[in-house]
Amino acid sequence: MARKLVAAAATGLLVTAGLFVPASTATASTACSGSSITINKPSGAEAASTASGHGHVTGNHYIRSTTISAGKVIYTWWADNSGGSNGDTWDTFYSTKTC
């Protein structure tokens, strides 16, 4: 019970301060590396292939490209839009990470 009161008080403070952080916000990692995963399977919009990335319950994310700028590596992460009721649809940009 004490834990619930502390959480409620903290939430109240955040809302009072003008900040609201939804409890169910979903995010995926954009790291400076990945492991070998299969993307675009089952077939559909794009051919299945292997990429460096990660998989989780809500889908896969993979590094589509890397570039070097000012001595740092920029990883461009994409969402593998495979699965669900519509099979594989075209992948979409997710985020970048500079390492």
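What follows draws every value from the coordinates through simple rules; no lab data is involved. None of the values given here were measured: they were computed from a predicted structure. FYI the Cβ positions are ideal-geometry reconstructions off the backbone, even for glycines, and counts take in every protein chain you see.
Structure notes:
- Fully extending the segment from THR66 to ALA31 would add 11.4 nm, taking 0.36 nm per residue of separation and subtracting the current Cα-Cα distance.
- Rounded, prolate or oblate (a/c below 1.5 giving rounded, otherwise prolate when a/b exceeds b/c) for the range 25-99 by Cα gyration tensor: prolate
- Positive minus negative residues near SER43 (Lys, Arg vs Asp, Glu; Cβ under 14 Å): -3
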